[in-house]
């Protein structure tokens, strides 16, 4: 399977039907609650760079939601920033970050971690279902010449939860990998670009999938699930947090109008909004997947969260595109659909109708 | 004069009068027009990372406002990001950025340019009124061993317009310095953290203070003047723009919901909004400065834009603080006032009344 | 096959026979001619950092030996320095270096290229016999999203000639790969850690295996073949050379007593010394390999240069070690022998005798 | 006074008298003892990268000479490498290295420390006689916003002992500065490019000028005083040494034929050779300085080690150059003479005779 969607296929304006967005949850807008909170924060003046009441409140929310009294949160503008700055603070320049060979951090961030990490390297591990396995991690450790300065030393294990291919690590799986990693002195990081979808699907608590499973820091992944202009690093390790304090500023990732970033995140996390938003994406995907199977289409696997890969004849794909459906081609005969917190049941049913027609034509 | 305000003085809650914000334009909120535009852009879906209609429109606005058909604009989250990424794209790793010794880029960005620039260095130049002079620039060139690999090679001249101390370069001054710099093969950069205030005060066109004066790229400085969550690099040199395309992504400075960043900037620049906002800050400062002189206080110099430094007895300063005025102490007997697009004439008059009382007590 | 020898096996002092060095050509000393030239250069005074007559002479020698009037040579202290600084000068920070997945630059240099390259990344390609194939290179190009800033852009093709596993690229193979690479705008680099052995074995001219085949710059690889304290980058591309002028100095790789480095290299390259030294290593390896086959042992492949991998029972390996033979275990039942310019026919015959005995015991 | 000599003045071939080298101790060759030791080490084979008996012996010598049982030594190819890699291991990327504003590390290493240090910055301090004073150090601390992430945090104090202008820190001065630095959590580094000359002139022990005075790591400075191809970092702090283990390898500064580097340094340090060599440079300088004063010339100051700056009429300077004297012009009417371990009393007397004649003509 190729590494990502073919963006040149994405444009479609040769239809008279309204487009239905199934390309990416990244194409969704901001949650109304988030936008309203930003507007409400636009009162009076507030010191820049985080010395404001909204940012203080965000820390409280994070500590409550993640049940961790020392958790610290660092708003940043993008998932790439969250991942690469978080990893740079966890890995010495001569270290290696271990991750699945299909991970976003190794495939789609243009060397960001190596840049911020002063030349730290990435080592891709194999594993079924796009998941790092205990065997592949142990194999990487066994192949390492520990202490030999010819070799970048494994220093961080990074897991993508859920993966870019829609599969998920359970808390038990994260725990088991983290235990192996900690034994060898590695820190454990999670790229949580869609972690709300995973938590919602797994039905676990946010703490169970993160620090209780051994995660030292993770990217919160708010952008795809309703945030307007901010993602964040959440950090449970004070030594990493101390580095982030400086690393973010010199990377230009400390917003001067921080209140407008912080208030998005506290609204997002407060009272379960993030999990409700993710649940919409997950359940509309479940509805879509069932419908696709009813139409006789073959899924690569049952969707665990909000994305599905489906085998479809190329001629049908073309008719689907002409019908106004927006989705990505992953290669010949294979397409990807992604739902978001904005996807409605009506859209799903409409999409299934158009697909049925495309098959029939 | 110390490098910056003493932030520990900033808190003041021991008063019954409403606080009046004169600490920094960075403490202001977002312009209502900007916020409304963000809300209006929250419709439908749009591809991430800049492949959207709002970002395309922003390029058109920038080209029109700056009268330059090849101008490109790169939204980023902060002024530090705009400066350091812009400079890194203009300077080889073995190069030196020349700037005034009091410049924000050398004093207050925690080495960001050296980090993004792969070890590029900064060389501070002297100059009256916090401005680089032709003499100091020529002196730096004369002291340089050009081509000698023991020495970082001067590669960029960066001017802060206006300076952090409220003084301004005229278009003629920028032109004259840029001509010297270009002669020696340097590129010319402007840190425009408050460039709207300078353009408004000078009454020149945006083009006259930038590319027509020899500027190759500059930081737009929207954050202090009404932006919600974005600043930007504006670039007239295609070779620099090509680097920025990659450098921003790997620095995590390409927002996934780019439409929400782009629409802020196109609203900000459209139909002169940015200059009207800056004019409010400048004219309320003029009113404040006149009032301060009427009270018998001595200004370090007449404010050219929206900040003023004033000699005040320490006992008076303390009474001013107790009266609910928010401002920065710059050292014994010296305070700084800054107005913003949100400052009103009524606030100025109220502030002057409190200062008068503090002097009298 | 594991990535490298197990160094903990290397020590062997439990024998009464003289040790025979077959671990690595890196364990050899300096060629007597090189040492004598250094001693001869220790006369009078000479300006530091390359402004000396010996360094000027080295440039002449390089231009003559490689038949290229613009060739420039940069002495550095190690092969890692030659590779990583050469590659950093050929690759933008957002670029990727393509090489075989077993290449030394990706496996054994602790991220040096990513560090000097400002976060440039490495992409390992598959290929039989540890050689990059046209198919794997073309496949990497096909999988690349050219111009997409999410992805490190392929910028350099680096070939290890010969490979760390003793296989060799012919000039035709290098030409064919270089043509593909240049078509896509990549530069072509060779890690020539043992290039003298390859040139000697192939019987081609130094030019035919380098610039005539499309190589833009390469590491000379003098350390394993008789140099005392210097390796070098040889560069045919003036733009790369201009970068190296600065990059080497700021990496601390410009020797102050440059004359002593330069004279080693001019002696090494003059009048074919380097190729005669390499020929000794190659021919003693041929003698050794024949003898091993005569003893009934199975080689992984016939040695093209000066190293061979041989299947041997572990019990025999232990007896070989006890007999004073110095070699590396590559894993169970597999050993590596390497000859150097210092290896003698008598040593080979002695070694074969001990192996015969070890088999018999 | 300009930052360094004008190298274009250095060439002089219009004389029939033998040249006398007084430009730089960097122009001297290798000590015969060092060269002999290298030749003697060219026996048998030895594992690469420091797993050899000569390198083990070097550690013993360093620990004995510096009276410190945990001292570790890291041979590198140049003083720039020793300084910049040592400093990078002592300073976080967001840190600042404090040093005198005329220090070699800030003026003449092309940003090496910022590059290896991931964007660490340098802050130049004022001070008479090119020496950092307690007042200027304390002033820098007072001006620092500790913990504020807008500002590079002072992390290392680096002293040049002796300075590039021939002045020296006493052990008491180093101690006093180091105590101030340690109090604020900084590490203390010495650029010892000519430290042997300082130790010899001061008559103190190597320990007294280094770790007993609070120095955590320093550059040994062997290149100007008899080494052939190696300088070194000597490190008393195990945490810094652990970093150097990796940092040097990935910077390409671990020589494969390490035995030839190590043996130079152990010979250099053994039995006081380094101090005897330095004493020759110092005493010939004393003789030269006395003679210059006898000729009525005015010295900028009495030489503490092996260099002197002298006021001379430009017409006389030209005649001195024509007489075959090799020295540097520092500006109009000012020249620099430097002696080395190779300078003889006869050369000094010969030089003084030529200067006398140049004055007389």
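The values are calculated or read from the model by the stated rules, or taken from the named source; none is laboratory data. Bear in mind that the values here come from a model prediction, so they are computed numbers and not experimental data. Here the Cβ is made from the backbone with ideal geometry for all residues, glycine too, and neighbour counts use every protein chain on show.
Residues of region B:36-53 being buried (at least 21 other Cβ atoms within 10 Å of the Cβ) and part of a helix (DSSP H, G or I), which ones?
B:37, B:38, B:41, listed by residue number.
Would you be able to tell me the number of residues in region C:140-155 that are within 14 Å of chain B (Cβ to nearest Cβ) and either closer than 15 Å to residue C:188 by Cα or surrounded by fewer than 13 Cβ atoms within 10 Å (Cβ to Cβ) (or both)?
Of the residues in region C:140-155, 5 are within 14 Å of chain B (Cβ to nearest Cβ) and either closer than 15 Å to residue C:188 by Cα or surrounded by fewer than 13 Cβ atoms within 10 Å (Cβ to Cβ) (or both).
Could you tell me whether region C:179-189 includes any residue that is closer than 21 Å to residue C:25 by Cβ and buried (at least 24 other Cβ atoms within 10 Å of the Cβ)?
no
If you check residue A:305 against the conditions, is it in the same structural domain as residue A:354 (by TED's automatic domain parsing), over 20 Å from residue A:203 (Cα atoms) and within 26 Å of the chain's Cα centre (by Cα)?
no
State all residues of region C:100-139 that are surrounded by fewer than 21 Cβ atoms within 10 Å (Cβ to Cβ), in a helix (DSSP H, G or I), touching a strand residue (DSSP E or B) at 6+ places or on another chain (Cβ under 9 Å) and away from chain A (no Cβ under 12 Å); if no residue qualifies, say none.
Within region C:100-139, C:130, C:136 meet the criteria.
Considering each residue of region C:148-178, count those that are closer than 27 Å to residue B:246 by Cβ, in contact with a helix residue (DSSP H, G or I) (Cβ under 7 Å, 6 or more places away or on another chain) and part of a loop (DSSP other than H, G, I, E, B), and give that number.
Residues flagged as closer than 27 Å to residue B:246 by Cβ, in contact with a helix residue (DSSP H, G or I) (Cβ under 7 Å, 6 or more places away or on another chain) and part of a loop (DSSP other than H, G, I, E, B) within region C:148-178 amount to 2.
Which count do you get for residues in region B:1-43 that are within 10 Å of chain A (Cβ to nearest Cβ) and at pLDDT 90 or above?
23
Before we move on, is residue A:298 buried (at least 24 other Cβ atoms within 10 Å of the Cβ), on the phi < 0 side of the Ramachandran plot, touching a strand residue (DSSP E or B) at 6+ places or on another chain (Cβ under 9 Å) and more than 14 Å from every other protein chain (Cβ to nearest Cβ)?
It is false that residue A:298 is buried (at least 24 other Cβ atoms within 10 Å of the Cβ), on the phi < 0 side of the Ramachandran plot, touching a strand residue (DSSP E or B) at 6+ places or on another chain (Cβ under 9 Å) and more than 14 Å from every other protein chain (Cβ to nearest Cβ).
Scan region C:227-252 for residues that are under 19 Å from the mean Cα position of the chain (by Cα) and part of a loop (DSSP other than H, G, I, E, B) and jot them down.
Correct list: C:227, C:228, C:229, C:230, C:236.
Could you go through region C:54-75 and let me know if any residue there is modelled with pLDDT under 95, assigned by TED's automatic domain parsing to the domain that holds residue C:262, surrounded by 16 or more Cβ atoms within 10 Å (Cβ to Cβ) and part of a loop (DSSP other than H, G, I, E, B).
There is no residue in region C:54-75 that is modelled with pLDDT under 95, assigned by TED's automatic domain parsing to the domain that holds residue C:262, surrounded by 16 or more Cβ atoms within 10 Å (Cβ to Cβ) and part of a loop (DSSP other than H, G, I, E, B).
From (1) farther than 27 Å from residue C:35 by Cα; (2) within 14 Å of another protein chain (Cβ to nearest Cβ), pick out the condition that doesn't hold for residue C:211.
For residue C:211, the failing item is (2).
What's the number of the condition residue A:234 fails, among (1) more than 29 Å from residue A:173 (Cα to Cα); (2) more than 10 Å from chain B (Cβ to nearest Cβ)?
All conditions are met except number (1).
For region C:265-288, give me each residue that is in the same structural domain as residue C:209 (by TED's automatic domain parsing) and in contact with a strand residue (DSSP E or B) (Cβ under 8 Å, 6 or more places away or on another chain).
Hit for region C:265-288 is C:265, nothing else.
If you go through region D:331-349, how many residues are more than 18 Å from residue D:278 (Cα to Cα) and surrounded by fewer than 21 Cβ atoms within 10 Å (Cβ to Cβ)?
Final tally of qualifying residues: 5.
Of the conditions (1) touching a residue at least 40 places away in the same chain (Cβ under 8 Å); (2) crowded, with 24+ Cβ neighbours inside 10 Å; (3) not in a helix (DSSP H, G or I), residue D:224 satisfies every one except a single condition; which number is it?
Going through (1) touching a residue at least 40 places away in the same chain (Cβ under 8 Å); (2) crowded, with 24+ Cβ neighbours inside 10 Å; (3) not in a helix (DSSP H, G or I) one by one, residue D:224 breaks only (3).
I'd like to verify a number: residues in region A:323-352 that are part of a helix (DSSP H, G or I) and out of contact with any helix residue (DSSP H, G or I) (no Cβ under 9 Å at 6 or more places or on another chain), how many?
Result for region A:323-352: 2.
Which of (1) without any contact (Cβ under 8 Å) to a residue 12 or more places away in the chain; (2) over 25 Å from residue D:51 (Cβ atoms) is the odd one out, the single condition residue D:210 does not satisfy?
Going through (1) without any contact (Cβ under 8 Å) to a residue 12 or more places away in the chain; (2) over 25 Å from residue D:51 (Cβ atoms) one by one, residue D:210 breaks only (1).
For region A:197-213, which residues satisfy the criterion of being assigned to a loop (DSSP other than H, G, I, E, B) and either outside the structural domain of residue A:261 (by TED's automatic domain parsing) or buried (at least 21 other Cβ atoms within 10 Å of the Cβ) (or both)?
The answer is A:210, and nothing else.
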